[in-house]
Amino acid sequence: MYTFNKPLHLSPYDHPDIYPGPAPSYSFIYMNGMAYRLTGAGNPANLTVELDDRHITLSKFLKEQKASPLAERYPILSYGSNACLAQLKYKYSLNPKLNDIVINLKGKLRDTDVLYSAYITKYGALPAMLGPMKGAKCQVWLSLLDEQQLKHINATESVYSIATHHAQKLKLECGIKPSEFYAYYFDKALTMNGQYFRYPDIPCSGSRAKEIWQAHMLELIAYQFQMPREPFIETVRQNFEFRRKVQKSLEDMAELIKHEDWSPLKKMRKWKEIYS
């Protein structure tokens, strides 16, 4: 069972207790399984990349690495496992031909918390969703993906739709507030006795959701099926029909959520069209 101090080398695909997974406490570039810190303020293109042997601007770093420039990337919110280094390493291992350099800008999103959804994944975790929470401020990352990366990550998030945020409630640590960005959106929150639930791994102030570790939430769900936790997880991962039965149980505990800050995607714009 994993709760506090989750191991950095394991992803939620290795064990669902890890979800959402350890993430850096700062803005970073992901590359080859490593996080390289980004520092500075203002235009993200001018942020400093802290490499082992030198410090250079983000725009220069991307050019040196022959990676897509910031202007050509799409801004999509990472709020669940997509800021976990081990999870990113696993996802990009599925297509080794892809350039895996991803920019992740840390920020806080107002009037939202990251809640448990009423869904169970093939690997046995209850994944995150964006829930309305007036007055809350939760930690998120704005990930900037090139076109091929976006297609790849979309394929790993097939249960979600993509939504657009125009409410200007995201403030990045570098000081800017993007006028538009996107996120993977799910609209069924897990509830028990009218209570929403959140992940202790994800810092948030002002939330009224109850904190519970993924390991303990899985224990509660397993109890409903009169099974010990680990055999329950293993059966979910290996038995499709049993997973369908668990999903049906979760749907009975679901509450349909409408988040007013998000609207269905019409057209996805590149960073150069949003920030200049």
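The values are calculated or read from the model by the stated rules, or taken from the named source; none is laboratory data. From a predicted model like this one, the values you see are computed outputs, not experimental measurements. When we count neighbours, we look across all protein chains shown, and the Cβ atoms used for this are built from the backbone with ideal geometry, even at glycine.
A compact table of results
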| read-out | value |
| --- | --- |
| Per-region count, region 118-152, residues free of Cβ contacts under 8 Å to residues at least 40 places away in the same chain and either aliphatic (A, V, I, L, M) or not in a strand (DSSP E or B) (or both) | 1 |
| Subset tally (residues that are farther than 17 Å from Ser276 by Cα and small (Gly, Ala, Ser)) for region 40-59 | 1 |
| Qualifying residue in region 182-191 (condition: modelled with pLDDT of 95 or more, aromatic (Phe, Trp, Tyr), assigned to a strand (DSSP E or B) and touching a helix residue (DSSP H, G or I) at 6+ places or on another chain (Cβ under 7 Å)) | no |
| Residue satisfying all of: in region 153-178; part of a loop (DSSP other than H, G, I, E, B) and of a type in the set (S, T, N, Q); nearest to the chain's Cα centre (by Cα) among these | Ser158 |
| Options Glu173, Glu260: the member that is touching a strand residue (DSSP E or B) at 6+ places or on another chain (Cβ under 6 Å) and closer than 30 Å to Pro75 by Cβ | Glu173 |
| Boolean, Lys97 is at pLDDT 95 or above, basic (Lys, Arg) and either out of contact with any Leu (no Cβ under 9 Å at 6 or more places or on another chain) or closer than 20 Å to Phe197 by Cα (or both) | no |
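Every residue, every condition in (1) touching a helix residue (DSSP H, G or I) at 6+ places or on another chain (Cβ under 8 Å); (2) in contact (Cβ under 8 Å) with a residue 40 or more places away in the chain; (3) closer than 19 Å to Tyr79 by Cα; (4) surrounded by 15 or more Cβ atoms within 10 Å (Cβ to Cβ), yes or no:
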{"site": "Pro12", "(1), (2), (3), (4)": "yes, yes, yes, yes"}
{"site": "Pro16", "(1), (2), (3), (4)": "yes, yes, yes, yes"}
{"site": "Pro22", "(1), (2), (3), (4)": "yes, yes, yes, yes"}
{"site": "Ser27", "(1), (2), (3), (4)": "no, yes, yes, yes"}
{"site": "Tyr30", "(1), (2), (3), (4)": "yes, yes, yes, yes"}
{"site": "Asn46", "(1), (2), (3), (4)": "yes, no, no, no"}
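One line per residue, one yes/no per condition, for (1) of a type outside the set (Phe, Trp, Tyr); (2) under 24 Å from Lys106 (Cβ atoms); (3) not in a loop (DSSP other than H, G, I, E, B):
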| position | (1), (2), (3) |
| --- | --- |
| Ile202 | yes, yes, no |
| Ser207 | yes, yes, no |
| Leu218 | yes, no, yes |
| Gln247 | yes, no, yes |
| Glu260 | yes, no, no |
